[in-house]
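Quick notes on the structure that follows.
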Amino acid sequence: MSILVCGALAYDTLFGFKGRFDSQILPDQLHKISTTFLAPSMRREFGGMAGNIAYSLSLLGERPMVMGVVGEDFEPYRQHLKRNNVDDRFIRTVPGQYTSQCFGISDKDGNQLMAFHPGAMDFATENHIADIPDAIELAILSPGGHQAFLQHSRELHAAGIPFIFDPGQELPLLSREEIHEIVALADYVAINDYESELMRERAGLTIDDLRSQVKALVVTRGSKGAEIYVGDSIHLIPRVQMPVKPVDPMGCGDAFRAGLLYGIKYGLDWKVTGRLANVIGAIKVATHGCQNHFFDWTRLRQLYQEAYGEPWPL
């Protein structure tokens, strides 16, 4: 039985500016800004939360199924997914559209300017859960368009498929009523510490409110690790200290969610599931890009034991 990953697939184009933005931006002239940043470095990466999650699941030995919409420029990305044993049958190509594109530039202080073009993602409502004839054991609903987010949450629930509500950057676009509806339909919620505060501010849902409505609430805390709330229990998952310096946090949360999905699918203990997810996230942080890291089970078992002082239990 498959894991279904719903959400965005995108190309990420990232530029590096060796100076500081404030050296070329005049604060009193922001109303008519016109400037160019010389960017000697550029990387074009495969991205989008659905693609990122599916990639790490494939490294775990799974063959995840991705549901998303893309443009006519998607073929190189599709071949990459196929090489990594990702099921692409329900990735719909929209004629005349580009695949979603994210363009970003960072300066030497780590400040970022970003532009996002949704492209084919605007057509995500054309995909329906009922179009999938295969048995689906578990799904994750990650950002992939506002209306599609609502539609697919309702369709997953109607089909009796348990799913993780992973709002990510979609959260600010959801109304209070929409957030409450999706939480009520979901079996699990996965958010980071900022999103937990946004949930409280935007929808009036505290940690206790959320944990009372789902089987498990997962809150990632960056360098502080993660917390998993199950019923009245709290599992504190310490961070993983990698032997190499972190180089790129982008996509770390998506790698973590792959471990989370794997643990839920195979009924692992929540502490073990959280630790596995943390190890995968730490491996990703040590590599530039969201889908360039690599691991196998030998490496995972080694890092798990080094990080937590206990052997991998399976």
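The values are calculated or read from the model by the stated rules, or taken from the named source; none is laboratory data. This is a predicted model, so every value here is computed, not measured. Here Cβ is always computed from backbone atoms with ideal geometry, including for glycine, and neighbour counts include all displayed protein chains. The accessibility values were calculated without ligands, DNA or RNA, using every heavy atom of the protein model including side chains. Shrake-Rupley method; radii C 1.70, N 1.55, O 1.52, S 1.80 Å.
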Quiz item: Only one of these conditions is not met by Cys6: (1) touching a His at 6+ places or on another chain (Cβ under 7 Å); (2) open to solvent by 20 Å² or more (accessible area, probe 1.4 Å). Which number is it?
Solution: (2)
Exercise. Answer yes or no as to whether Leu314 is modelled with pLDDT under 95, in a loop (DSSP other than H, G, I, E, B) and either among the small types (Gly, Ala, Ser) or in contact with a helix residue (DSSP H, G or I) (Cβ under 9 Å, 6 or more places away or on another chain) (or both).
Key: yes
Quiz item: So, of the residues in segment 169-227 that are within 30 Å of Tyr308 (Cβ to Cβ) and touching a Pro at 6+ places or on another chain (Cβ under 6 Å), which turns out to be modelled with the highest pLDDT?
Solution: Asp187
Exercise. Please tell me if Leu113 is under 18 Å from the mean Cα position of the chain (by Cα) and either at pLDDT below 95 or under 22 Å from Thr13 (Cβ atoms) (or both).
Key: no
Exercise. Return yes or no: is Gly281 closer than 18 Å to Asn52 by Cβ, assigned to a helix (DSSP H, G or I) and not aromatic (Phe, Trp, Tyr)?
Key: yes
Quiz item: In segment 261-278, which residues are of a type in the set (Ser, Thr, Tyr) and either part of a helix (DSSP H, G or I) or under 16 Å from the mean Cα position of the chain (by Cα) (or both)?
Solution: Tyr262, Thr273
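A quick yes/no check of all residues on (1) part of a strand (DSSP E or B); (2) modelled with pLDDT under 95; (3) among the hydrophobic types (A, V, I, L, M, F, W, C); (4) open to solvent by 70 Å² or more (accessible area, probe 1.4 Å):
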{"residue": "Phe90", "(1), (2), (3), (4)": "yes, no, yes, no"}
{"residue": "Gly96", "(1), (2), (3), (4)": "no, no, no, no"}
{"residue": "Cys102", "(1), (2), (3), (4)": "yes, yes, yes, no"}
{"residue": "Ala124", "(1), (2), (3), (4)": "no, no, yes, no"}
{"residue": "Leu138", "(1), (2), (3), (4)": "yes, no, yes, no"}
Quiz item: How many of the residues in segment 275-293 are closer than 22 Å to Glu45 by Cα and open to solvent by 20 Å² or more (accessible area, probe 1.4 Å)?
Solution: 5
Quiz item: Among (1) under 20 Å from the mean Cα position of the chain (by Cα); (2) part of a loop (DSSP other than H, G, I, E, B), which single condition is Gly160 missing?
Solution: (1)
Quiz item: So how many residues does segment 187-200 have that are surrounded by 19 or more Cβ atoms within 10 Å (Cβ to Cβ), touching a residue at least 24 places away in the same chain (Cβ under 8 Å) and outside any strand (DSSP E or B)?
Solution: 2
Exercise. From the list Ala159, Ala203, Ala184, pick out the single residue that is among the small types (Gly, Ala, Ser), over 20 Å from Gly222 (Cβ atoms) and open to solvent by less than 40 Å² (accessible area, probe 1.4 Å).
Key: Ala203
Practice problem: Quickly run through segment 201-233 and pick out the residues that are among the small types (Gly, Ala, Ser), more than 24 Å from Glu177 (Cα to Cα) and assigned to a strand (DSSP E or B). | Solution: Ala226, Ser233
Quiz item: What number goes with the only condition from (1) in contact with a Phe, Trp or Tyr (Cβ under 7 Å, 6 or more places away or on another chain); (2) buried (at least 20 other Cβ atoms within 10 Å of the Cβ); (3) among the basic types (Lys, Arg) that Lys215 does not pass?
Solution: (2)
Exercise. Output the residue which, of all residues in segment 47-80 that are open to solvent by 10 Å² or more (accessible area, probe 1.4 Å), out of contact with any strand residue (DSSP E or B) (no Cβ under 7 Å at 6 or more places or on another chain) and of a type outside the set (Gly, Ala, Ser), is farthest from Leu9 (Cα to Cα).
Key: Leu59
Quiz item: Of Asp232, Asp296, Asp269, Asp254, which residue is surrounded by fewer than 17 Cβ atoms within 10 Å (Cβ to Cβ) and in contact (Cβ under 8 Å) with a residue 60 or more places away in the chain?
Solution: Asp296
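Quick check on segment 19-29. Is at least one of its residues among the hydrophobic types (A, V, I, L, M, F, W, C) and touching a residue at least 40 places away in the same chain (Cβ under 8 Å)?
Yes - at least one qualifying residue is present in segment 19-29.
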